[in-house]
Amino acid sequence: MRIFMAADHGAYELKEDLVDWIRDQYELEVIDFGVHGPESVDYPDMAARLCRELLDSDPDDRGILLCGTGLGMSMAANRWSGIRAALCHDEYTARLSRQHNNANVLVMGGRVLGIAVARGIVDVWLREAFEGGRHQRRLDKLEQAGKGGGH
Ligand code: RB5
């Protein structure tokens, strides 16, 4: 598993912290798509870059997107078929986003979370596995809805 990461200026500092922390803590390969400084960038551009790469990569790879609130990044990422982006501000939601939703992108808000809370959310999200079964049926319906076959 590799971790793709991207942020806008609203979460630049959190992204910098998490890139180093994930590399140290889990010895995972982290690919950092920026932003590489505090300059203002548009979150749809950053989300598009990460989602395009993630959809072309190994299915085990996952993404983490960060913006000020997490809202813009989650809206942008969920427009990409095959991306299941979960906006999580607590560990319970992060756990269920893996077990039930098989989220392949974690989204957090750098202006609403402290670093320790964000690290705790990442830890849960990296460790938890998808449970499959009835949850896979629901995910299949999500993909169909995205193709115009909604229920
Ligand atoms: C940028 O100011 C801010 O709008 C962005 O980081 C994010 O919170 C959008 O949803």
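Annotations for the structure displayed:
- If you go through segment 27-38 and pick out every residue that is free of Cβ contacts under 8 Å to residues at least 24 places away in the same chain and surrounded by 12 or more Cβ atoms within 10 Å (Cβ to Cβ), you end up with 1.
- When residues in segment 62-71 are screened for being part of a loop (DSSP other than H, G, I, E, B) and either closer than 18 Å to Asp32 by Cα or more than 14 Å from the ligand (Cβ to nearest atom) (or both), 2 of them pass.
- From the list Tyr12, Tyr43, Tyr26, the one residue that fits, being more than 12 Å from the chain's Cα centre (by Cα) and within 30 Å of Arg138 (Cα to Cα), is Tyr43.
- Only listed residue being under 15 Å from the mean Cα position of the chain (by Cα) and either surrounded by fewer than 17 Cβ atoms within 10 Å (Cβ to Cβ) or more than 19 Å from Asp24 (Cβ to Cβ) (or both), chosen from Arg134, Arg127: Arg127
- Test result for Arg62, of a type in the set (Lys, Arg) and either closer than 26 Å to His135 by Cα or in contact with a Gly (Cβ under 6 Å, 6 or more places away or on another chain) (or both): yes
- Checking Asp58, Asp24 one by one, the residue that is surrounded by fewer than 18 Cβ atoms within 10 Å (Cβ to Cβ) and either assigned to a helix (DSSP H, G or I) or modelled with pLDDT under 95 (or both) is Asp24 and no other.
- Of all residue pairs spaced 6 or more apart or on separate chains, those with beta-carbon atoms under 6 Å, a first member in segment 110-129 that is of a type in the set (D, E, K, R) and a second member that is surrounded by fewer than 16 Cβ atoms within 10 Å (Cβ to Cβ) are Glu128/Gln99.
- Inside segment 72-117, residues that are of a type in the set (S, T, N, Q), more than 20 Å from Glu131 (Cα to Cα) and more than 16 Å from the ligand (Cβ to nearest atom) make up a count of 1.
The values are calculated or read from the model by the stated rules, or taken from the named source; none is laboratory data. Being a predicted model, the structure only gives us computed values, none of them experimental. For neighbour counting, all protein chains shown are included, and Cβ atoms are generated from backbone atoms with ideal geometry for every residue, glycine included.
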